[in-house]
Amino acid sequence: MLLHPLPWPGGKRLAAAITFDVDADSLIRTARPDDGHLRLAPVSMGRYGPTVAVPRILETYRRLGLTQTFFIPGWVMETYPAAVEAILKDGHEIGHHSWRHEDPMGHSDAREAELFHRALETHVRMTGRKPRGYRAPVYNATPGVIGRLIAEGFLYDSSLMADEMPYLLRAPQGELIELPPHWGADDWPPFAHFEEIGYLMPVRAPSDGLRAFFEEYEAARAVGGFWMPVLHPFLTGRLARWAAMEAWLEAVLERGEAWFAPLEEIARHAAAHRDKLRTDDIGFPEQGPER
């Protein structure tokens, strides 16, 4: 059951969005600032995302008639402009994902503000508009980050995990729609093997690793919920994994039960049904978290 169900457009059973975090080689360069550029294996692994995997993913979306959401750090946008242009050309959404994938908990809030606005300027220059959504690196959104999102007129965040459904995030500065991710629907645990930044995962077969996402989808479908995997092109965009995802996606679309949309559209739909949303408060330690 869902405590706060929503009606979905067109009488669809559930809402769905496949989201990609296009981190590229920002990960190794930020984790190892002194010598990351010399570590050619992890650099090349990251570069695979925007140069090989993103074109593959976009081709699938064109064939299936889907528009979805990509979160891209500002540094990655500037380093791989062809990927940005291709994503925009096909009508997909690009969300804010930091400057170079710096963890907001790894420096002062003043430094985070500087990096946040640097990335924001890149978005405006390269896309012609402010992004409407944000996802924090490693999901580490802070009260300072949420306050900046509200001050800059963002519609939604996708970093916090207080529900399976869209909910209203309330802070002293105002409100945002939260579109919650979860590690159970993230491809990092089954597929990431990145010794240089401290991740040594037992890499799983494509069918085994993706099964978790497909089971999450079926659970959301059963109750009329919201399904949103968090994927990375250099992980799930690899040939065998994307072939498995593509085959599953074709079958799901043929059933016609899900409303697939970019996160901005889903957030706008949730905001239009604000009275049905759960409210979660941050920045009010003297109060309870819900009402």
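The values are calculated or read from the model by the stated rules, or taken from the named source; none is laboratory data. As the structure is a prediction and not an experimental result, all values here were calculated from the model. Cβ coordinates were reconstructed from backbone atoms using ideal geometry, including for glycine residues, and neighbour counts include every protein chain displayed. Quick note on the areas: whole protein, heavy atoms, side chains included, nothing else; ligands and nucleic acids left out. Shrake-Rupley method; radii C 1.70, N 1.55, O 1.52, S 1.80 Å.
Residues of segment 74-85 being more than 18 Å from the chain's Cα centre (by Cα) and in a helix (DSSP H, G or I), which ones?
The answer is Glu78, Thr79, Pro81, Ala82, Glu85.
Which condition number does Val203 fail, the rest of (1) assigned to a loop (DSSP other than H, G, I, E, B); (2) of a type outside the set (D, E, K, R); (3) open to solvent by less than 50 Å² (accessible area, probe 1.4 Å); (4) closer than 22 Å to Gly237 by Cα being met?
Only one criterion in (1) assigned to a loop (DSSP other than H, G, I, E, B); (2) of a type outside the set (D, E, K, R); (3) open to solvent by less than 50 Å² (accessible area, probe 1.4 Å); (4) closer than 22 Å to Gly237 by Cα is unmet by Val203, namely (3).
Among the candidates Phe116, Phe71, single out the residue that is touching an Asp or Glu at 6+ places or on another chain (Cβ under 6 Å), open to solvent by less than 20 Å² (accessible area, probe 1.4 Å) and either at pLDDT 95 or above or part of a helix (DSSP H, G or I) (or both).
The conditions single out Phe71.
Considering segment 101-113 alone, what residues qualify as being surrounded by fewer than 18 Cβ atoms within 10 Å (Cβ to Cβ) and under 22 Å from Thr79 (Cα atoms)?
As a first pass, look at segment 101-113 and keep what is surrounded by fewer than 18 Cβ atoms within 10 Å (Cβ to Cβ): 103, 105-111, 113.
Asp103, Arg111, Ala113 - these are the residues of segment 101-113 that are surrounded by fewer than 18 Cβ atoms within 10 Å (Cβ to Cβ) and under 22 Å from Thr79 (Cα atoms).
Out of everything in segment 274-291 that is exposed (fewer than 13 other Cβ atoms within 10 Å of the Cβ) and at pLDDT 95 or above, what residue ends up being farthest from Phe71 (Cα to Cα)?
Per the criteria, the residue is Asp275.
State which residue pairs qualify: first residue farther than 21 Å from Pro131 by Cα and inside segment 99-114, second residue part of a loop (DSSP other than H, G, I, E, B) in any location, beta carbons under 9 Å apart, and separation of 6 or more residues or different chains.
Short answer, once both residue conditions are applied: Met105/Asn140; Met105/Thr142; Gly106/Asn140.
Which one of Arg56, Arg63, Arg47 is closer than 24 Å to Ile266 by Cβ, open to solvent by 60 Å² or more (accessible area, probe 1.4 Å) and part of a helix (DSSP H, G or I)?
None of the others qualify; the one that does is Arg63.
Hey, could you check segment 52-62 for residues that are more than 19 Å from the chain's Cα centre (by Cα) and in contact (Cβ under 8 Å) with a residue 12 or more places away in the chain and say which is nearest to Gly91 (Cα to Cα)?
By that ranking, first place goes to Arg62.
Considering each of Phe154, Phe234 in turn, give the residue that is crowded, with 20+ Cβ neighbours inside 10 Å, within 26 Å of Ala110 (Cα to Cα), in contact (Cβ under 8 Å) with a residue 40 or more places away in the chain and among the hydrophobic types (A, V, I, L, M, F, W, C).
Values: Phe234 fails: within 26 Å of Ala110 (Cα to Cα).
Testing whether each residue is crowded, with 20+ Cβ neighbours inside 10 Å, within 26 Å of Ala110 (Cα to Cα), in contact (Cβ under 8 Å) with a residue 40 or more places away in the chain and among the hydrophobic types (A, V, I, L, M, F, W, C) leaves just Phe154.
Looking at this structure, is Met1 of a type in the set (A, V, I, L, M, F, W, C), modelled with pLDDT under 95 and loosely packed, with under 14 Cβ neighbours inside 10 Å?
Yes; evaluated as a whole, the condition is true for this residue.
Please identify the pairs in which a residue from segment 71-95 that is at positive phi has its Cβ atom under 7 Å from the Cβ atom of a residue that is part of a strand (DSSP E or B) and surrounded by fewer than 23 Cβ atoms within 10 Å (Cβ to Cβ), counting only partners at least 6 apart or on another chain.
none
Look at Gly95 and say whether it is closer than 18 Å to Pro262 by Cα, of a type in the set (Gly, Ala, Ser), modelled with pLDDT of 95 or more and buried (at least 18 other Cβ atoms within 10 Å of the Cβ).
Criteria met by Gly95.
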